[in-house]
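Report on the structure given below.
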Amino acid sequence: MTLALYARRARNRIVDDLDAAIARDPAATSRVDVALNAPGLHAIWAYRFAHRLWLRGGWTKPVARVVMTFVRSVTGVEIHPGAVIGHRFFIDHGMGVVIGETAEVGDDVMLYHGVTLGGRSMQRVKRHPTVGSRVTIGAGARILGPVHIGDDVQIGANSVVVKDIPAGAVATGIPATVRFPHGTEDPYEAMFKDPALWI
C-alpha cells in the first residue's frame with residue numbers, strides 16, 4: 001500500500017468517525033467541535049493506532065498496552081488493544097467505558113458512558129462479547145461473557161446482559177429481558193415502554 005493510499009484511507013476513516021459522532025450527538029455542532037471535545041472519539045483513534053501495534057506482535061504488544069493505559073488516564077475510556085472494533089464506532093461521554101481483549105464490535109455501534117463489554121472467565125479463551133452492527137448500548141449497561149448481541153439491538157441503561165440477544169430486540173433490566181418492537185413501533189414511543197432506554 002502506498003503512503004498516499006494509506007493517508008487517504010486514514011483521512012476517510014477520521015471523517016467517517018466525525019460524521020458518525022455528529023449524527024448521534026445532538027450537542028455536536030461541527031467536525032472541529034467533535035474532534036476537539038469528544039474523549040470517546042479520542043480513545044477510539046488511539047485504539048486504532050494501538051490495535052495496529054498489537055497485531056504486529058512481538059515487542060509492539062507491550063507498547064500498545066502502554067498507549068492504551070495512557071489513553072485511559074486521559075479519557076476515562078479503557079479499550080484493550082486486542083479488541084476488534086468496526087467502522088463509525090462512537091462512545092458518547094466516554095467516562096467509565098471498558099472493552100475487553102476478546103470483544104468484537106460491529107459497524108455503526110454507539111455506547112454511552114459506563115458501559116462494560118467484560119469477561120466472566122479467567123481462561124485464555126474468547127471471554128468477551130461479540131456485538132453486531134447498528135447496536136446502541138445505554139449508560140451503565142454490562143454485557144458479560146462471550147455472548148452474542150445481534151444486529152440492530154438496543155440495550156437499556158444499567159441492564160446486565162449474560163445471554164445472547166437476537167437481532168432487532170430490545171433488552172432491559174437485571175438480568176436483561178428481551179422483547180421485540182412491533183413492526184410499526186416508533187422508537188421514541190418504545191422508550192416509554194422501557195424507561196431504561198432513556199440514556
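Exactly one residue out of Gly114, Gly138, Gly118 is in contact (Cβ under 8 Å) with a residue 60 or more places away in the chain, of a type in the set (Gly, Ala, Ser) and open to solvent by less than 30 Å² (accessible area, probe 1.4 Å): that is Gly138.
Restricting attention to segment 86-105, the residues that are under 17 Å from Leu144 (Cα atoms) and either in contact with a helix residue (DSSP H, G or I) (Cβ under 6 Å, 6 or more places away or on another chain) or open to solvent by less than 70 Å² (accessible area, probe 1.4 Å) (or both) total 9. Looking across segment 1-32, the residues that are open to solvent by less than 40 Å² (accessible area, probe 1.4 Å) and either touching a strand residue (DSSP E or B) at 6+ places or on another chain (Cβ under 9 Å) or charged (D, E, K, R) (or both) come down to Asp17, Ala20, Ala21, Asp25. Filtering segment 114-136 down to residues that are of a type in the set (Ser, Thr, Tyr) and in contact with a strand residue (DSSP E or B) (Cβ under 8 Å, 6 or more places away or on another chain), which residue is farthest from Arg88 (Cα to Cα)? The residue in question is Thr116. Any residue that is surrounded by 20 or more Cβ atoms within 10 Å (Cβ to Cβ) and farther than 25 Å from Leu144 by Cα - is there at least one of those in segment 33-42? Yes: segment 33-42 contains one or more residues that are surrounded by 20 or more Cβ atoms within 10 Å (Cβ to Cβ) and farther than 25 Å from Leu144 by Cα.
The values are calculated or read from the model by the stated rules, or taken from the named source; none is laboratory data. This one's a predicted model, so the numbers in the text were calculated from it and none came from an experiment. Note: ideal-geometry Cβ built from the backbone for every residue, glycine included; neighbour counts use all protein chains shown. All accessible areas refer to the heavy atoms of the entire protein, side chains included, with ligands and DNA or RNA removed. Shrake-Rupley method; radii C 1.70, N 1.55, O 1.52, S 1.80 Å.
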